[in-house]
Amino acid sequence: MADRVTVIGWDGSPPTAAARSALSAATLVAGAAHHLALPEIPAHAERIRLGSVALAARRIAGHRGTAVVLADGDPGFFGVVRTLRAPQYGLEVEVVPAVSAVAQAFARAGMPWDDAQVVVAHRRTLRRAVNVCRAHTKVAVLTSPGAGPAELGLLLEGVHRTFVICEELGTDREQVTVVTSDKAADHSWRDPNVVIVIGGTVTVGAHENGGWLAGGDPDTTPRGWALPAAEYAGPFGEGESEQLRAAQLARLGPRTGDLVWDIGCGSGAFTAEAGRFGAAVIAVDRDPDACARTLATARRFGVQAQIVHGTAPHVLENLPEPDVVRVGAGGAAVVSAVVDRRPARIVTHAATRDAAELVGRDLTEHGYDVECALLQSVELDTRAWTEKERTVGFLLSGRLPDRHP
């Protein structure tokens with residue numbers, strides 16, 4: 001098997017002394033076409049065009065000699081090092097890093113990136129990458145063919161963002177273009193490229209001193225979940241108590257990469273809290289005042305929610321596919337429309353057992369595993385330990401077994 005595998009990152013700069021030394025001793029070199037054309041590669045070395053890293057790893061594992069793998073940017077950052085270090089290949093890996101494509105892109109844009117989210121977009125993960133762009137104000141997207149700037153722009157319909165598109169970084173054909181997201185599909189873009197997606201409302205005070213955690217600063221958000229009504233601008237509907245909200249959040253489990261529909265958003269409390277989990281949220285309400293309250297709440301908590309004014313279920317028809325849905329208003333008719341879109345999880349509430357049974361049967365008939373609980377909460381005045389308010393309601397949740405958990 002190979003005596004040693006050296007993975008060399010390439011960012012367009014001349015090879016370092018360590019990289020030149022490894023290349024001069026190589027008997028096998030794997031890389032993309034532009035890597036294999038480098039003059040530093042020995043003429044006698046076997047050359048492998050790098051497509052599938054797993055296939056190349058098997059070739060390297062069976063090679064008798066010294067192997068080098070060339071990769072763009074930092075090969076340890078969403079790169080080939082992870083595959084080459086897999087136990088089944090038994091390879092000893094050394095790494096000569098380079099500047100990552102993400103760091104290069106932000107350098108070209110003249111922007112800091114410690115507060116950015118970084119995602120990889122393939123065809124199978126494109127929708128989740130787009131949801132991160134919906135939910136955050138600064139995202140770097142490492143694209144791939146079929147999941148590039150044009151596709152990102154199309155799926156961001158209804159959400160305004162600015163794209164900084166960096167094509168073929170480190171090469172003579174390098175180009176940096178700034179366009180709005182709605183114009184990205186009007187152009188053809190060269191691979192490889194990195195897209196910096198920026199926009200949305202920035203939380204006041206966020207990262208004003210540089211922050212301390214890459215990707216976001218939790219110190220800018222309140223501590224705790226299912227915050228009391230006093231934290232939001234009411235009025236509150238019957239399905240917006242903090243106890244019910246806590247149970248709804250627990251059943252849905254919104255997370256980074258998800259798209260949440262909050263139908264009947266009311267005060268915006270659920271929208272804000274789902275967004276604080278890192279999910280993208282589309283908040284829907286037929287009441288313009290509720291939409292305004294939700295927008296104000298989202299801005300206050302630094303959540304990048306899309307607000308849609310309209311009556312469900314009709315307004316839902318043109319919305320992008322949800323992962324999880326809270327139905328806060330509209331009852332059985334709205335739930336029936338939602339299940340046709342096959343989200344992984346749905347939560348709603350009902351005031352009576354008959355209403356709960358109607359919704360539960362509909363969920364079951366559409367293949368959902370259904371849970372229902374009667375929730376009762378009693379708020380006490382702790383000065384006199386007397387009852388202030390009592391709320392009772394049925395919590396229904398549906399989980400689709402054939403979707404991701």
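The values are calculated or read from the model by the stated rules, or taken from the named source; none is laboratory data. Please read all numbers here as calculations on a predicted model, not as lab measurements. Backbone-built Cβ (ideal geometry, glycine too); neighbour counts: all protein chains shown. Each accessible area value is taken on the protein alone, full model and side chains, heavy atoms only, with ligands, DNA and RNA left out. Shrake-Rupley method; radii C 1.70, N 1.55, O 1.52, S 1.80 Å.
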Problem set entry | Solvent-accessible area, 1.4 Å probe, carbon plus sulfur percent, for the stretch 54-102 | 50
Exercise. How many nm is it between the label spots at residue 387 and residue 176, if each spot is 7 Å from the Cα in line with the beta carbon?
Worked result: 6.5
Exercise. Residue 225 to residue 27: FRET efficiency via 1/(1 + (r/R0)^6), r the Cβ-Cβ distance, R0 51 Å, to the nearest 0.05?
Worked result: 0.35
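Which value, in Å², gives the accessible area per residue of the stretch 98-222 when a 1.4 Å probe is used on the protein heavy atoms?
Numbers: 5960 Å² over 125 residues.
Accessible area per residue, the stretch 98-222: 48 Å².
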For this session: Give me the distance in nm between label points sitting 7 Å out from Cα along the Cα-to-Cβ direction at residue 114 and residue 43, one decimal.
Result: 5.0
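So how do 111-119, 144-152 stack up, highest first, on mean other-Cβ count within 10 Å? Don't skip to the end; give the middle numbers.
On the way: 111-119: 18.0, 144-152: 19.6.
Going by the mean number of other Cβ atoms within 10 Å, highest first, we get 144-152, 111-119.
Of all accessible surface on the stretch 109-256 at a 1.4 Å probe, what whole percent is carbon and sulfur?
Values: 3860 of 7410 Å².
In the stretch 109-256, the share of accessible area belonging to carbon and sulfur is 52 percent.
Where does the chain land on the Kirkwood hydrodynamic radius, alpha-carbon pairs, in angstrom? All intermediate terms of the calculation are to be shown ahead of the outcome.
Working: mean 1/r = 0.0419 Å⁻¹.
23.9 Å is the Kirkwood radius here.
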For this session: Using the heavy atoms of the protein chains and a 1.4 angstrom probe, tell me the accessible area per residue for the stretch 273-405 in square angstrom.
Result: 51
Problem set entry | Loop GluC sites (Glu not before Pro), the stretch 300-405, which have at most 16 other Cβ atoms in a 10 Å radius of their Cβ (DSSP) | 317
Exercise. Percent of accessible area on the stretch 289-347 owned by carbon and sulfur, 1.4 Å probe?
Worked result: 49
Exercise. If you place +1 on the Cβ of every Lys and Arg, -1 on the Cβ of every Asp and Glu, and leave all else neutral, what size is the dipole of the stretch 186-293 about its Cα centre, to the nearest 20 Debye?
Worked result: 240
